[in-house]
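Here's the structure, in structure tokens; my notes come after.
The values are calculated or read from the model by the stated rules, or taken from the named source; none is laboratory data. Given the structure is predicted, the values throughout are model-derived calculations rather than measurements. Glycine gets a Cβ as well: all are built from the backbone with ideal geometry, and neighbour counts include every protein chain shown.
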């Protein structure tokens with residue numbers, strides 16, 4: 001990737017899979033030029049992402065919103081649920097419509113659209129049937145990086161499980177070549193949104209999914225006068241006292257180490273959140289924070305929702321969270337970050353999770369932890 005003036009990379013539209021192996025399906029790479037042409041021809045674009053949206057989902061949507069509206073297109077961006085409070089600082093966050101609040105307007109918008117984007121999810125069962133019905137697969141650009149995804153479009157599919165974030169793919173394969181075609185620079189609000197998606201999905205560029213390509217894209221996005229300090233402040237440093245008190249209470253009263261295994265389990269009951277006046281959003285970052293505890297390879301936070309029990313899985317090293325997630329009723333994600341659902345009473349779900357970790361995955365945890373510790377010995381490797 002070479003960089004043009006204004007920080008916009010000139011992305012080749014020639015097949016690249018032979019030279020860098022970034023794509024599992026080379027035909028997806030060949031579609032880049034036709035995707036750009038399809039977007040250039042479209043006038044009304046409808047963009048959708050997944051429930052319980054994270055920074056990558058919201059960043060992808062707002063990257064598209066700002067990037068395409070600046071080119072004179074009418075753009076609607078939609079989510080099944082509202083934008084999380086911690087992402088409300090993003091320019092244009094108020095432009096995202098949620099199905100729970102604006103279903104009638106979303107139906108009307110989808111009927112007018114001549115192009116659709118689905119970003120950061122790769123299975124139709126991730127969204128409700130009424131939302132599925134809005135999307136035309138023949139006029140759909142699908143962009144995703146989850147390993148367990150299945151192509152959603154009959155025409156344009158951009159999928160790379162090795163990508164650190166969907167925002168990485170969206171920039172490299174859609175917005176950067178599109179703006180190169182216009183000889184223009186991507187507007188700052190789009191760059192802020194895409195960088196936020198990269199930042200959150202990589203844990204501040206700490207996760208093993210980060211590759212040189214990821215950092216080159218980040219470097220393009222933060223070309224001055226990018227507000228780097230402000231974005232990092234909103235993402236990592238803006239905490240409520242009540243949230244820290246909740247985290248302290250949960251760790252003191254509920255955190256469990258699984259015997260001699262490098263694994264932690266934290267059950268969180270709905271009543272506890274209610275007692276602290278908190279929401280599930282207030283413990284969104286807790287699983288990743290718990291990985292910082294010495295002797296920890298895997299964290300499972302088990303959450304009591306009204307309709308089901310949801311499990312957030314996080315790991316370091318090579319331990320496969322996404323494989324563990326498949327042991328539940330519904331589950332999937334990435335190697336180091338995955339989610340699962342159990343349709344059981346809460347106590348049964350906790351017991352099932354703990355038993356699974358302590359029996360079927362015990363040897364795997366020990367083996368992966370030994371390998372992880374060996375990789376940490378930098379003096380032996382490079383001293």
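Would you check which residues across segment 48-101 are surrounded by fewer than 16 Cβ atoms within 10 Å (Cβ to Cβ), free of Cβ contacts under 8 Å to residues at least 60 places away in the same chain and more than 17 Å from the chain's Cα centre (by Cα) and list them? Across segment 48-101, the qualifying residues are 72, 74, 94, 100, 101. Scanning segment 232-261 for residues that are in contact (Cβ under 8 Å) with a residue 60 or more places away in the chain and either on the phi < 0 side of the Ramachandran plot or surrounded by 12 or more Cβ atoms within 10 Å (Cβ to Cβ) (or both) returns 234, 235, 238, 256, 258, 261. Taken as a whole, segment 169-185 holds at least one residue that is more than 24 Å from residue 116 (Cβ to Cβ), surrounded by 15 or more Cβ atoms within 10 Å (Cβ to Cβ) and more than 13 Å from the chain's Cα centre (by Cα).
So which of 190, 218, 184, 147 ends up being within 20 Å of residue 53 (Cβ to Cβ) and at pLDDT 95 or above?
Criteria check complete, one pass: 190.
The set of residues in segment 281-299 being in contact (Cβ under 8 Å) with a residue 60 or more places away in the chain and part of a helix (DSSP H, G or I) consists of 281, 288. Could you look through segment 123-144, keep only residues that are modelled with pLDDT under 95 and crowded, with 18+ Cβ neighbours inside 10 Å, and pick out the one that is nearest to the chain's Cα centre (by Cα)? Filtering segment 123-144 for residues that are modelled with pLDDT under 95 and crowded, with 18+ Cβ neighbours inside 10 Å, the one nearest to the chain's Cα centre (by Cα) comes out as 126. Within segment 207-243, being over 22 Å from the mean Cα position of the chain (by Cα), over 30 Å from residue 320 (Cα atoms) and part of a helix (DSSP H, G or I) holds for 241, 242.
Give 147, 78 a once-over and let me know the one that is under 28 Å from residue 322 (Cα atoms) and part of a loop (DSSP other than H, G, I, E, B).
On the way: 78 fails: part of a loop (DSSP other than H, G, I, E, B).
After applying the criteria, what remains is 147.
When 91, 51, 15 are screened for being outside any helix (DSSP H, G or I) and modelled with pLDDT of 95 or more, only 91 passes. So residue 161 clears everything in (1) closer than 22 Å to residue 87 by Cβ; (2) at pLDDT below 95; (3) within 13 Å of the chain's Cα centre (by Cα) except one condition, right? Which one? The failed condition is (1).
For (1) within 23 Å of residue 53 (Cα to Cα); (2) touching a strand residue (DSSP E or B) at 6+ places or on another chain (Cβ under 9 Å), each residue gets a yes or a no:
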residue	(1), (2)
255	no, yes
263	no, yes
269	yes, yes
274	yes, no
285	yes, no
